[in-house]
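Just so it is clear, none of the values below were taken in a lab; they were calculated from the coordinates. Here the structure is a predicted model, which is why all the values come from computation and not from measurement. Note that we place each Cβ from the backbone using ideal geometry, even for glycine, and neighbour counts take in every protein chain shown.
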Ligand SMILES: [Zn+2]
């Protein structure tokens, strides 16, 4: 997720197809931790066997040194590019002040009143049970 691509600077191979490289080899006491790991495609992973050296001065920053001593650095890449700076419109779209609608209802007539509830049924005395339970 951090590197998203092969960490050799000009390479754009996706990290999903890359090998996970230990910047400092396990045989050289390199640990399997994020600050010692990075994806490298098969081609660029093999550069370390052909005289190139790799350092990771900070997690996600990869410094490759060629057999001739030239160094190439590749830093973390942003997940998305920065948005451009916002610009106000050259001229306002209107000279009128903005009008905001009222959130309340608009009534031309008085609001209708709620319908009256029907009156409750008249109270009745409980009826005698003609068949009381046997218990
Ligand atoms: Zn590569």
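Using the Cα gyration tensor of region 15-74, with a ≥ b ≥ c the square roots of its eigenvalues, what is the shape: rounded (a/c below 1.5), prolate (a/b larger than b/c) or oblate (neither)? Note, shape of region 15-74 comes out rounded.
As a proxy for reagent exposure, ranking 41, 6 by other Cβ atoms within 10 Å from fewest up yields 41, 6.
Which FRET efficiency, nearest 0.05, do residue 24 and residue 91 yield, Cβ-Cβ r, R0 35 Å? It comes out at approximately 0.05. FRET efficiency for residue 49 and residue 14, Cβ-Cβ distance as r, R0 = 25 Å, nearest 0.05? The computed FRET efficiency comes out at 0.65.
Extension gain, residue 81 to residue 61, is 5.4 nm, computed as 0.36 nm per intervening residue step minus the present C-alpha separation.
Over region 1-92, Cα pairs under 8 Å with separation of 6+ residues give a relative contact order of 24 percent. Cβ-Cβ distance of residue 32 and residue 71, R₀ of 22 Å, FRET efficiency by 1/(1 + (r/R0)^6): the value works out to about 0.30.
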